[in-house]
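Asker: Got a structure here, written out as structure tokens. Questions coming.
The values are calculated or read from the model by the stated rules, or taken from the named source; none is laboratory data. Since the structure is predicted, the reported quantities are computational estimates derived from the model, not experimental observations. Reconstructed Cβ throughout: ideal geometry from the backbone, glycine too, with neighbour counts over all protein chains shown.
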Amino acid sequence: MATLAVSNVFAANTLAEASEVNQNFDDVEAFVNTNMIQKDASVAFTAVPSGPGSDPVSANQFTRKGYVDVPFGYSTFAGSPASVGSATLLPGWSSVQARGVTGTTNGFTIVTTRLYMIGAAAVFGTAAGGTRRDFTLTLNGTNILGMQGHSEDLGSVGYGCDVSPGTRPISLTAGDLIAVSYIQNSGAPIAFNGAIWIMAVPGL
């Protein structure tokens, strides 16, 4: 950081020459003109400035990076979950990207209370037998978004099914847990690929 320094130092009760006084003023002027922030922004910052640890509350106030960064999370799963006849937690999700939310092996943990858009999609592989291929997003253990895949011919032609719950808006609170449950009752593990995502609604 640049600091102001003057060329001449004067002692008490001694005469000061005009040229030395003027040089000190020139030093101050040069420092102000080249190092101080100007109203017209003609002097650029040489580093990222820091502000208060609080969010803006009115128009034309500066803001923090965390305030304008939209929380976002995207996670995927690829594996062969076991055959289950009732809704079962599906762990093993891999966080591809998470900003402003915490990616977990079960889904996401919400960091900031606000309105979000949340969505999911999945596909089950082919397997004969069974009647259910369900894929559901849960909020603190309660279903919030899901779909069931069914077929009348599972026993004869097997089963390959897209299960796409879609996307919905939802108000979430810091600490909320988003997880995934599934049902596939084919009688054996079958291939499964899925994706879940969450994004805060900008400005809300």
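Asker: Pairs needed: first member in the stretch 82-106, farther than 21 Å from residue 185 by Cα; second member anywhere, of a type in the set (A, V, I, L, M, F, W, C) and surrounded by fewer than 14 Cβ atoms within 10 Å (Cβ to Cβ); C-beta distance under 6 Å; at least 6 residues apart or different chains.
Answerer: Note: no pairs meet the criteria.
Asker: Still on this model: Among the numbered conditions (1) touching a helix residue (DSSP H, G or I) at 6+ places or on another chain (Cβ under 9 Å); (2) assigned to a helix (DSSP H, G or I); (3) not hydroxyl-bearing (Ser, Thr, Tyr), tell me where residue 33 comes up short.
Answerer: (1)
The rows are residues; the columns are (1) more than 54 Å from the chain's Cα centre (by Cα); (2) assigned to a loop (DSSP other than H, G, I, E, B); (3) at pLDDT 90 or above; (4) exposed (fewer than 12 other Cβ atoms within 10 Å of the Cβ).
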site: 10; (1), (2), (3), (4): yes, yes, yes, no
site: 20; (1), (2), (3), (4): yes, no, yes, no
site: 28; (1), (2), (3), (4): no, no, yes, no
site: 42; (1), (2), (3), (4): no, yes, no, yes
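Asker: Of all residues in the stretch 73-86 being over 28 Å from the mean Cα position of the chain (by Cα) and in a strand (DSSP E or B), which is surrounded by the fewest Cβ atoms within 10 Å (Cβ to Cβ)?
Answerer: Out of the qualifying residues, it is 86.
Asker: Regarding residue 149, is this residue touching a strand residue (DSSP E or B) at 6+ places or on another chain (Cβ under 7 Å) and either at pLDDT below 75 or surrounded by fewer than 19 Cβ atoms within 10 Å (Cβ to Cβ) (or both)?
Answerer: yes
Asker: Here's a follow-up. Within the stretch 152-182, track down each residue that is modelled with pLDDT under 65 and of a type in the set (S, T, N, Q).
Answerer: 156
Asker: Would you pick out the residues in the stretch 98-150 that are assigned to a strand (DSSP E or B), in contact with a Gly (Cβ under 6 Å, 6 or more places away or on another chain) and aliphatic (A, V, I, L, M)?
Answerer: Residues satisfying the conditions are 98, 101, 122.
Asker: Considering each of 91, 52 in turn, give the residue that is within 25 Å of the chain's Cα centre (by Cα), more than 30 Å from residue 140 (Cβ to Cβ) and part of a loop (DSSP other than H, G, I, E, B).
Answerer: 52
Asker: Criterion first (at pLDDT 65 or above, out of contact with any strand residue (DSSP E or B) (no Cβ under 6 Å at 6 or more places or on another chain) and of a type in the set (A, V, I, L, M)) does residue 200 satisfy it?
Answerer: Here the answer is no, as residue 200 does not meet what is asked.
Asker: Given the criteria over 22 Å from residue 134 (Cβ atoms), without any contact (Cβ under 8 Å) to a residue 24 or more places away in the chain and not aliphatic (A, V, I, L, M), does residue 51 qualify?
Answerer: Numbers: over 22 Å from residue 134 (Cβ atoms): yes; without any contact (Cβ under 8 Å) to a residue 24 or more places away in the chain: yes; not aliphatic (A, V, I, L, M): yes.
Taking the combined requirement at face value, the residue satisfies it.
Asker: While we're on this one: In this structure, does residue 70 turn out to be under 30 Å from residue 143 (Cα atoms) and either assigned to a loop (DSSP other than H, G, I, E, B) or in contact with a helix residue (DSSP H, G or I) (Cβ under 9 Å, 6 or more places away or on another chain) (or both)?
Answerer: Values: under 30 Å from residue 143 (Cα atoms): yes; either assigned to a loop (DSSP other than H, G, I, E, B) or in contact with a helix residue (DSSP H, G or I) (Cβ under 9 Å, 6 or more places away or on another chain) (or both): yes.
Against the criterion (under 30 Å from residue 143 (Cα atoms) and either assigned to a loop (DSSP other than H, G, I, E, B) or in contact with a helix residue (DSSP H, G or I) (Cβ under 9 Å, 6 or more places away or on another chain) (or both)), residue 70 qualifies.
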